[in-house]
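Heads up: the structure comes next, in C-alpha cells.
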Amino acid sequence: MTRIAGPREARADEAGRARGLREGGPARRAERRPGWRRRIRSLAAATPFILPSLAGVLLFLVVPVIIVLVLSFFQWNFLTPPHFVGFANFGTMTRDYHVFHALETTAFYVLWNIPIQTLMALGLAVLLNRKLPALGLFRALYVLPYMSTPVAMAVVWSWMFNGQSGLVNHLLLLAGIHGPDWLGSTSTALPVVAMVSNWQYAGYNMLFFLAGMQTIPPSLYEAASIDGAGPVKRFFRITLPLLNPTLLFVLVTDVIGSFQIFDTVYVMTQGGPGTATNVINYQIYSTGFRNFDVGSASAMSLLLFGVILVVTLAQFRFFRSRTTYEVS
Amino acid sequence: MRTLRYTVFYICLTLIAVVFAGPYVLAFFGALKPPADLYSSSPWTLPHSFYTGNFRTILFSDGFIRYLGNTALVTAVLTVGQVSFGVLAAYAFARLEFPGRDALFSVYLATLMVPNIVTIVPLYTMMRQFHLTNTYWAIFLPYVLGTPYTIFLMRQYFMSLPSEVFAAARVDGASEWRILTRLVIPMGRPIIITATLIAFVFGWNNFLWPLIVTDSNSRQVLTVSIAALQSSFSEQWNLVLAASLVALIPLLVVFALFQKQIVRSIQLSGVNR
C-alpha cells in the first residue's frame, strides 16, 4: 500500500511544502482555470462510487413512487389495458368500509404494540443499567428474539397460543382456567399478534435506552441523592427527561414499522377471525394481489404513506414542545 | 439483606430470560418429539429421546432443501451487493467532494420515509414488464444495489474517521480506490459488520416481496414455504416447528458467534443517527 506509516504530522508538513513549491509556478495558472473543469473532474471521480446505489435508489425507490402515483388514477388488473378513472380509486376508498376498518385495526394494533413494547424496553434498560456480574449474558438473551425470522417465530407462537395443545392454555389449566382459542377469537387475536412483536423488539429497543442512559453523567444522580431524591424520583426527574432524544428515535422508528405489520398477521391469522386482524398492509396485499385491483391497492398504499407521515411529524412536534435538557 | 436483594434481582432477570428464550427452547422440544408425544405430553416437558424424524420428514419433503438453498443464495448475493455498493456510496458521500453531493444525499434520505408496501405494487409491475417474475433476480434486485439506510449509517461513521489520514494518503498519491480499500474498509470495520448483519437478516427474513414476486416452486424461498406449510399441515405442529427451526437455527448460530458485535452494532446504529 501507499506508505502512510511514519509520523503523520511530518508527512502533512512535507506535503504542505511540496504543494507550496508547486503552487509557485504553473499552479498560478491553474487557479485561473475555469472551475467547471475541476467540477467535472471531481464528478467523474465520484461517479463510479455513486452510480450503482444511485441506479438502485432511482429504479427501485423513486421510480416506483412515481408509478404508484400514476397507478392510483387507473383501474387495472395486471392483464387488460389500464383504464384511467381519475380520482375514483380515492373516492371508493373513502366510501369503502373495509379500508377504514383496516386503518382502525392497524391503529389498535399500534396501540397494543408500541406502549407496552416501549415500557418493557425501558424497564429492562433500568434493570440492566448497573455494574454487576453476568448482566452481559442477560442482555444478550433479551436481544435474542430480534434475530429471529418473523414468519418462523409466528409459527412457534401460533403453536403456543393454540386453543387445544398450546402451552399457554396448558399453563392456565394448571391454575384451573380454561383458556380461550386465542387466535380464533375476535377479542384476543389482535393483542396476541401484537404481543409477538413486543416479544421480538423489546430487547432490541432496550439497547437504545441502555446506550442513552450511559450518556447521563453519574454526578446528576449523586447530586439528586444528596438532595434526598429517591430512585423513583430520580428516574422521572433525571433519567426520563434526558432520554427524550432516544425515546423520540425509538418511537418514530417503531411506529413506522408497526403501521406496516404483515408477516405475523399473514402466518398467525390471515387477517381473521372475520376481519379482526385485517391490518392495512394485509388489506393492500389482498386488494392488489388476490383481487388484482391494482389502482385501489396503490391508492391505499398512498393513504398509508400519508398516515405514517402525519403520525411521524406529530411525534416530532410533541417532542420538540417538551423541554430538552442539554448536558455537556 | 444485601445477598437476599441480589438473589431476588437475579431471579427476576432469569424469569425474564425464560420469557425471551423460552419459545426457542419449547420449539426445539416440540420439534424433537414424535407426533404421538407432542399431544400426549405437556409442551414444556423434555423429549424422551432425540427424535429427528420431524426434521428428516421436512428436509426430504418436496422442495424444502431447494427453498433453503434459494434463501441462502439470494441472501448471499443481496448481502454482498448491498454492502459493497453501499460502502462505495457511503465513502463518496462522506469523503469525496463533487457537485450536487448534498442534494443527492437528501434524496437518499427522503426515500427512507417511503413505506415498503408503497413500492411493492409498482416493483411487481416493473418485474412483470421485464419478464423477471419468478427469477432469483427479481428477489434480490431491488435491494442489491445498496439501501439508503445502511448508506446513511456508514456515511456517518466514515465522516467521523480522522481526516488527516486521508489527506496524507492523497498527498502520497494514493488513488481513491486505494484509499477506500486500504484505509476506509479496515478503519470502518465495525460499521461494515453492522451493515452486513442488517443485510443478512433482512435477506434471510424477507417475506412479502418474495411471496409476491415468485409463484412457482422452483424459486420459492424458505419463509414463503414455511408460511405455506403452516396452512397445509395446520395441526402437525411437530413438522411446522421443525421447518421453522431450520430458518431460525442459522440466525441463532450467527447470533451466538457475533453476539458482542451485534449488540454493539445495534447501539452504533442508534447513537450515530
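Every number here is computed from the coordinates shown, using simple stated rules; none is lab data. Keep in mind that what you see is a predicted model, and the values were worked out from it rather than measured. When we count neighbours, we look across all protein chains shown, and the Cβ atoms used for this are built from the backbone with ideal geometry, even at glycine.
Results, tabulated for the structure shown:
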| item | result |
| --- | --- |
| Under 5 Å, built H, 5+ apart or other chain: amide partners of A:Gln75 | A:His83, A:Phe84, A:Val85 |
| The range B:163-187 and the range B:235-266: distance between their alpha carbon centers, rounded to Å | 38 |
| Cα-based convex hull volume of the range B:132-188 per residue, rounded to whole Å³ | 95 |
| Projected area averaged over orientations for chain A, convex hull of C-alpha atoms, nm² | 30.2 |
| Cα shape, the range B:87-191, gyration tensor, a/c 1.5 rule | prolate |
| Karplus 3J(HN,Hα) series, Hz, for the range B:151-163 with 6.51 cos²θ - 1.76 cosθ + 1.60 (x for Gly, Pro) | 4, 4, 4, 6, 4, 4, 5, 5, 5, 7, 6, x, 6 |
| Residue exposure sequence - A:Arg234, A:Arg37 - by fewest surrounding Cβ within 10 Å | A:Arg37, A:Arg234 |
| Helix A:280-289 axis, angle to chain A major axis (alpha carbon atoms, nearest 10°) | 90 |
| Coil-residue chymotrypsin sites (Phe, Trp or Tyr not before Pro) of the range B:123-194, DSSP, other Cβ within 10 Å capped at 14 | B:Phe130 |
| Spatial separation of Cα centroids for the range A:36-113 and the range A:194-243, in angstrom | 39 |
| Translational diffusion coefficient (Stokes-Einstein; Kirkwood radius from C-alpha pairs) of the range A:91-141 at 20 °C, 1.002 mPa s, in µm²/s | 153 |
| Integer Hz, Karplus 6.51/-1.76/1.60 couplings in order for the range A:256-269, x for Gly and Pro | 4, x, 5, 5, 9, 3, 9, 3, 5, 5, 4, 7, 7, 9 |
| Cβ-defined net charge surrounding A:Ser296, 14 Å radius [Lys, Arg +1; Asp, Glu -1] | 0 |
| Hydrodynamic radius by Kirkwood, which averages 1/r over all alpha carbon pairs of the range A:67-117, in angstrom | 13.1 |
| Pairwise Cα inverse-distance average, inverted: Kirkwood Rh of the protein assembly as shown (Å) | 26.8 |
| Listed residue (A:Ile226, A:Ala194, A:Thr275) projecting farthest to the positive dipole end of the range A:89-321, Cβ model | A:Ile226 |
| Pairwise label distance in nanometres, A:Leu79 with A:Thr94, each label 7 Å out on the Cα-Cβ vector | 3.3 |
| Calculated FRET efficiency for the pair A:Phe235/A:Leu174, C-beta based, R₀ 35 Å, to 0.05 | 0.50 |
| Point-to-point label distance, B:Ile185-A:Leu111, nm (Cα→Cβ direction, 7 Å offset) | 5.2 |
| Kirkwood hydrodynamic radius of the range B:63-271, Cα pairs, Å | 19.0 |
| Burial ranking of peptide ranges B:211-220, A:247-256 (average Cβ count within 10 Å, highest at the top) | A:247-256, B:211-220 |
| For residues of A:36-46, the mean tally of beta carbons on other chains within 10 Å | 4 |
| Neighbour net charge for A:Asn278 - beta-carbon separation under 13 angstrom, K R +1, D E -1 | -1 |
